[in-house]
Structures are given as structure tokens and as C-alpha cells.
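Here is the structure we will look at, set down as C-alpha cells.
The values are calculated or read from the model by the stated rules, or taken from the named source; none is laboratory data. Not measured: the values here are computed from a predicted model. Cβ coordinates were reconstructed from backbone atoms using ideal geometry, including for glycine residues, and neighbour counts include every protein chain displayed.
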Amino acid sequence: MSPLLILTIFFSLFLTLRFTEMKTNNYIESSFWNFDTLFVPQQHPARDEHDTFFIKDPMYAQGFPEEYMDKVKTVHSQGGFGSQGYQYEWKREEAQKNVLRTHTTAVSARMLYQLAQQQKDGFKPVKLFSIDRVFRNETLDATHLAEFNQIEGVVADYNLTLGDLMGVLHAFFKKLGIEKLRFKPAYNPYTEPSMEVFSYHEGLQKWVEVGNSGVFRPEMLLPMGLPEDISVIAWGLSLERPTMIKYGIDNIRELVGHKINLQMVYDNPICQLTQS
Ligand code: PHE
């Protein structure tokens, strides 16, 4: 058993479904891309130092797309595109603060913005994915670490609905051998509607949360310049969670970090998630 193997399985699963990999090679991200572009208000609790690691040096990021940043500022502070926004005084300094990225959705935001800039002859539907590390300033315990790996899928196409999101999630999890899914309404600042995803774990005989998902809000997509009839559905899950469930590991520190027993990697036979 090795987390690397699980990673490979998710990787090839996305490739089988013809998703393109996003470039995730920056652990440090500005608050702008990690939060503001995702319509997370500047006073949101997730931006608190209890949840997010802020970088001291360099504390502030530079080099933003100014025109787009202005649109983000407007949608937060005054609204637009049919939204009333949050009606607060948006501060550039807050957006400039460097953080260790708290989710790979920051990368998805960068990518969608880039695609919106390139759409000279109309927007072409895309399917994107990423698998990489994220950081949260959490209290460490048996199931929480301050860093973990996130798996993210993004589909942008004309007129996608919540039904499409449910269909894609069913297809995705079915490939992993997970057939029983349930969806629970949730809240993310950047998706509406939002759903937590649960799957029935036969071994544990209970429903366990396996992911979070939603339809990106117009307040996020329209300032980027994406056409109005394009919808973007997305979902995220942790790599460690299904691995722990699959292998009956009850302490995450046996799987990630400096305390893992490397001998385990050599000793365990190669095994896979059941694929259908
Ligand atoms: N960013 C969310 C998280 O960190 C996951 C997510 C991705 C939710 C995409 C909705 C859409 O939990």
C-alpha cells in the first residue's frame, strides 16, 4: 500500500475520462487567487490566521492583472452581474497577502481566468483536473494534518446544470468502485448550489463524506470574462481520506509526514482501489 499508488490511480482515472491536468506548481499563492477571485469576502473566517498560513517574507504578492482585479473589487464591494455583492470596502492590501494555498481551487480560478482571456474564436468546453498539496492551519489529530493532498475536477461547458454535476460525480466515483452516493446541500462562497458528497462505506457500515462540490457562481465567472451561457461545475476531495477508508488506517500520521514507517512501503503488496 502506498499513497503514491492511490495518486496514480486518480491520475489515470482523470486521463481515462479525458481531463487535462492543471499546473499546480506553486504552494505559495496570493490571497487574491486563493480567495478574492473565488468571491470569498475579505472578512471570511477562512482567511483568519487560525485557518490559513500567511507568509511573512515576502508578505505581499505583486503583478496582478489590474483590469480583472478592478472587476473583482467591484463585484465584492458593490456587486454587478445581477448580484448585490457584499457591500464592504474591499482592500487591495488584503488581496496581496501571500498564503500557503488552502485549496487547489485557487489553481482552477487562475486557469479559468486564463481560458477566458484566450477565447478569441469563442469558448471551447474544457475538462480539467489537479492533484496536489494544500495547507490549512488546523489542530492536528488522528484525521487532520496541516497539509494534505487535494483532488479537483472542473468541467466548463454550455448550460451545465446541477444534474450534470451529479452525473459526473456518479461516473467519477463509479470508476473507483464506489456506487452508492448521497448529496447534501452545503455552502461555499464560490459555488451555488453547493453539495457535500457522501458514499456508503460497507466496511464501516455508514455514510462517510468523500468530497465537496458545486456550480461556480456568476460573481466568480463573469468578472473573468467567461460567456454568460458557460457554466462551470467542480468538485474537490482529499486524497488521504479515501485512502484511509480503503485501507482501514485510522491515524493519518501513519500515511503522511515524517512519522510514517517507510518499511511499510516496501513490505506491502501492490494493491489498487477496485476499478469498474
Ligand atoms: N475548494 C473546496 C475545498 O477545499 C472543494 C471544492 C472544489 C468545492 C470545487 C466546490 C468546487 O473543500
Among the residues of the range 25-46, the number that are surrounded by 19 or more Cβ atoms within 10 Å (Cβ to Cβ) and modelled with pLDDT under 95 is 0
With the first residue restricted to the range 207-221 and required to be touching a residue at least 12 places away in the same chain (Cβ under 8 Å) and within 15 Å of Gly85 (Cβ to Cβ), and the second required to be of a type in the set (A, V, I, L, M) and near the ligand (Cβ under 10 Å from one of its atoms), Cβ contacts under 6 Å at 6 or more apart or on different chains are Met220/Leu38
Pairs only if they're at least six apart or on different chains, beta carbon under 8 angstrom, first in the range 28-46 and part of a loop (DSSP other than H, G, I, E, B), second surrounded by fewer than 19 Cβ atoms within 10 Å (Cβ to Cβ) and of a type in the set (D, E, K, R); list them, first residue then second. Gln42/Lys91; Gln42/Glu94
Considering only the range 198-235, how many residues are modelled with pLDDT of 95 or more and within 28 Å of Thr8 (Cβ to Cβ)? 7
Of the residues that sit in the range 206-229 and are more than 16 Å from the ligand (Cβ to nearest atom) and in a strand (DSSP E or B), which one is nearest to the chain's Cα centre (by Cα)? Trp207
